[in-house]
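A short write-up of the structure that comes next.
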Amino acid sequence: MNPRGPFLSRPWLVTGVSIVSIGVLSLLLASPWDRKKWDGGQALRVYCAAGMTLPIGEILQEYEQSYGVKAEVDYAGSGVLLAKIRARGGAGDLYLSADAAHMHAARNSGLVAEVIPIAMLRPVLIVQSKTWKELEKKGVKLRSLKDVLESDLKFVLANPEQASIGQMTKEVLERSGLWEMVQERLRSRSARASTVDTVNQVVQMVRTSEGYAGLAWSANAEPLADLHIEWLPELASAREPLQAGVLSKSRDPTAALRLARYLAAPDRGGKILKKHHYDLIDDADTWEETPTVHLSAGAMLHPGIDEVIKAFEKREGADFKTSYAGCGLLVGQMKTTKAGKNSSHFPDAYFACDQAFLDDVQDWFETGIFISQNPLVLVTPKGNPKGIRDLTDLGRADLRVGLAHPENSALGKLTDRLLKRLTLYDKVHAAERSQPIVFTDAAHLLINQMRVGALDVAVVYKSNVLSAESGKDSLEVIALNLPDAVARQPFAISLESRHKYLMRRLLQAIVAPDNAARFRSLGFSWMHEAK
C-alpha cells in the first residue's frame, strides 16, 4: 500500500494541477500573434495575399537579418485576410493586398491609414504544358477567352469574393460578355467550371490536371516550366497593384511604415520581387532607414502645415528639412542650386504661395495640385485710426505703408500686379511721399511691424492676421473683395525626388479633414477635392 495515498487524493495537488492545466490551455488558445515574441520585442503582424508567399517570405527574412525586426505572417486570399482583420478588430500592422478593391474597402472602413504601392500584377492564361501540346496537335488555337470557354478545356477560377485573381477573372469575363456562361456552368455543377480559394490553388490544379485552364498572376506562373502561358488580348491592359496598407491600429506604425518602404524600395524588396517576375512600381522611393527630405514652403503656409509636418515626421520616422520664406527667395535658391552655385539639397516638394511662383520652376516639378487660396487684405491697427477704406488710400502721402517685396515674395508680386491693373501703382509709389514705403520679404514681417506701431497700413494675406502668433486682437482687417486679389497655393513634387511616394503621403496628411479645418480657421479657402 502506498503510504502517501493516491496521487489525486491530495486537494492541494489537484488544485495546483488544475491551475497549471488552465494556464497551459489558455496559452494554447491565445492568438499566436500575441504569443510569438522575438528578442527585439513583439513581432510585426503581417497579413499577406497568398500569391506572394515566396517573395514576401524572402524579403522579410532579409529584413530581419539586416534590421533585427521579425514579422509573423498570415497568408490567405486578399478577401479572406480583410475578413480576418475585421474579425480581430483591426489588430495588426500591415495588410498586403493583391488588388486595389480590397485595399480601398479597408481604407474606407478605417482599417488602413496609409497605402504604399509595392509592385504590379498582370493576369495571364495558364494551361498545363502537356495539355497545350495536345491542343497544338489537334490544331486548336486559343486566341481569346471565348476560344478557351468554347474548347474542351475545363476552366478553374479563384473565388472572386476571396482572391484578387478571382475578382480580376470576373471583371475580364464580364467585359468580354462571358461571365454568365461561366456562372451557368458553376450553378449547374458542370465539370467544365470549378472554383478554388487562391491563385496558388488555381496554379496547382492546372499544373497537376490535364485538360484544365485558368487565369493566374504572371508572377505565379512564369517560374514554372510545366505551365504554358498565353497573353490574351483581353488581358493586355489588365493590371492590379500589390499594395501595403498600414493598419490604423498598428502598435508601431513607424516600424510598419519602415517595413512597407523596404518592401517597395527597388534596391531592397524590389530586387527580390523582380527576381520573382513582379513588375516594379515606377519611381518607387529609394531605401533609407531614416529618409531625409526637404520641403520648401511659402512663409504664409507655416501656421497651416507646421504641426502636421511634425506629426508626419514622427510617424514616418523621417528627417524633414523645411524652408519657410518668401516664394521669390525660395525660387531664387532653387535656381542657384540647379546652376551648381549652391550645395544645398533641391527640395523634394514645393508648396508655393501662388501658382506664379511654381510657374517659374515648373520644369523641375510635377504638375501642382491646388490645396487652398488666400485673399489679400488691408490690415490696420485696431479701430482703424487713419480711416482707411480700400487700396486707393495707399496713395495717401501721409500714411506709413508696408508692402511685400515684389521680387522676393509672392504677395509682393501679386500686390504689384493688382496695383498696376487698378492704375494705382504710380500714385502709391510716387517719389513725393513723405513716408517711404516699407518693403519686407514676407507678410509675417509686415504683421510684426504693425504690432509694434511702425506702420499705419499694410497689404497682407488674411491668414497672416488670423494665425495665432500674429496678435490679431490688436489689428483690424479690411477685405478687398476683388476676384484677382487672391493667391492660390499649389503643392508640387520634384521630378528628381528620390522619395516621391513619401511626399505624396505628406500631401495626404496636409489635405486630411482635420488639417483642412486648420487652414479654414486661418482664413484660407479650401480648393483641394478629395479623390
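A few points about this structure:
- Selection count, region 321-347, where residues are farther than 24 Å from HIS444 by Cβ, in contact with a strand residue (DSSP E or B) (Cβ under 8 Å, 6 or more places away or on another chain) and not aromatic (Phe, Trp, Tyr): 1
- Listed by first and then second residue, the pairs with beta-carbon distance under 8 Å, at least 6 apart or on different chains, first residue in region 175-196 and under 15 Å from ALA213 (Cβ atoms) and in contact (Cβ under 8 Å) with a residue 60 or more places away in the chain, second exposed (fewer than 11 other Cβ atoms within 10 Å of the Cβ) and among the acidic types (Asp, Glu), form an empty list.
- Taking residues in region 498-512 that are within 11 Å of GLU316 (Cα to Cα), and partners anywhere that are at pLDDT 95 or above and in a helix (DSSP H, G or I), the pairs with Cβ atoms closer than 8 Å and at least 6 places apart or on different chains are LEU502/ARG261; LEU502/GLU316; ARG505/PHE312; ARG505/GLU316; LEU506/ILE309; LEU506/PHE312.
- From LYS141, LYS137, LYS146, LYS130, residue being more than 32 Å from the chain's Cα centre (by Cα), within 20 Å of ALA238 (Cα to Cα) and surrounded by fewer than 17 Cβ atoms within 10 Å (Cβ to Cβ): LYS146
- Scanning region 143-151 turns up one or more residues that are touching a residue at least 60 places away in the same chain (Cβ under 8 Å), farther than 30 Å from GLY270 by Cα, among the β-branched types (Val, Ile, Thr) and out of contact with any Gly (no Cβ under 8 Å at 6 or more places or on another chain).
- Boolean, SER497 is in the same structural domain as SER323 (by TED's automatic domain parsing) and touching a Phe, Trp or Tyr at 6+ places or on another chain (Cβ under 9 Å): yes
- Taking region 402-416 as the range and being farther than 14 Å from LEU330 by Cβ and surrounded by fewer than 23 Cβ atoms within 10 Å (Cβ to Cβ) as the test, the residues that pass are PRO406, ASP416.
- LYS130 vs. criteria charged (D, E, K, R), touching a residue at least 12 places away in the same chain (Cβ under 8 Å) and over 23 Å from MET52 (Cβ atoms): yes
- Pairs where the first residue, in region 249-269, is under 15 Å from LEU60 (Cβ atoms) and the second is in a loop (DSSP other than H, G, I, E, B) and among the aliphatic types (A, V, I, L, M), C-beta under 9 Å, 6+ apart: ALA255/VAL69; ARG258/VAL69; LEU259/VAL69; ALA264/ILE281; ALA264/ALA284; ALA265/ALA284
- Scanning region 305-320 for residues that are of a type outside the set (Asp, Glu) and touching a Ser or Thr at 6+ places or on another chain (Cβ under 7 Å) turns up ILE309, ARG315, GLY317, ALA318.
- If you go through region 340-395 and keep only what is closer than 30 Å to MET450 by Cα and among the charged types (D, E, K, R), you end up with ASP354, LYS382, LYS386, ARG389, ASP390, ASP393.
- Of all residues assigned to region 337-346, none qualifies as being touching a residue at least 40 places away in the same chain (Cβ under 8 Å), surrounded by 17 or more Cβ atoms within 10 Å (Cβ to Cβ), part of a helix (DSSP H, G or I) and not hydroxyl-bearing (Ser, Thr, Tyr).
- Filtered by the rule that a residue be among the hydrophobic types (A, V, I, L, M, F, W, C) and farther than 15 Å from ALA50 by Cα, region 66-84 gives VAL69, ALA71.
- Tallying residues that are among the polar types (S, T, N, Q) and farther than 22 Å from LYS146 by Cα within region 185-243 yields 7.
- Only one entry of ALA98, ALA113, ALA106, ALA163 meets the criterion of being at pLDDT below 90 and either in the same structural domain as PRO253 (by TED's automatic domain parsing) or farther than 26 Å from LEU247 by Cα (or both), and that entry is ALA98.
- Neighbours by Cβ (under 7 Å, 6+ apart or cross-chain): first from region 423-437, surrounded by 15 or more Cβ atoms within 10 Å (Cβ to Cβ); second modelled with pLDDT under 90: ARG433/ALA397
- Selection within region 295-323 - in contact (Cβ under 8 Å) with a residue 60 or more places away in the chain and among the aromatic types (Phe, Trp, Tyr): PHE312
Okay, residues lined up against (1) more than 30 Å from GLY177 (Cα to Cα); (2) more than 17 Å from the chain's Cα centre (by Cα):
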residue: TRP231; (1), (2): no, yes
residue: LEU235; (1), (2): no, yes
residue: LEU242; (1), (2): no, no
residue: LEU247; (1), (2): yes, no
residue: THR254; (1), (2): yes, no
residue: LEU257; (1), (2): yes, no
residue: TYR262; (1), (2): yes, no
residue: LYS275; (1), (2): yes, yes
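- Going through (1) surrounded by 22 or more Cβ atoms within 10 Å (Cβ to Cβ); (2) modelled with pLDDT of 95 or more; (3) in contact with a Lys or Arg (Cβ under 9 Å, 6 or more places away or on another chain); (4) of a type in the set (A, V, I, L, M, F, W, C) one by one, PHE312 falls short only on (1).
- Residues being more than 27 Å from MET168 (Cβ to Cβ) and of a type outside the set (Val, Ile, Thr) - total across region 46-99: 12
- Among (1) closer than 21 Å to LEU301 by Cβ; (2) modelled with pLDDT of 90 or more - the single one ASN408 does not satisfy: (2)
- Pair list, Cβ < 6 Å and 6+ apart or interchain, from region 55-82 residues that are loosely packed, with under 15 Cβ neighbours inside 10 Å to residues that are not in a helix (DSSP H, G or I): GLY68/GLY40
The values are calculated or read from the model by the stated rules, or taken from the named source; none is laboratory data. Being a predicted model, the structure only gives us computed values, none of them experimental. Don't worry about glycine lacking a Cβ; one is built from the backbone with ideal geometry, like all the others, and counts go over all protein chains shown.
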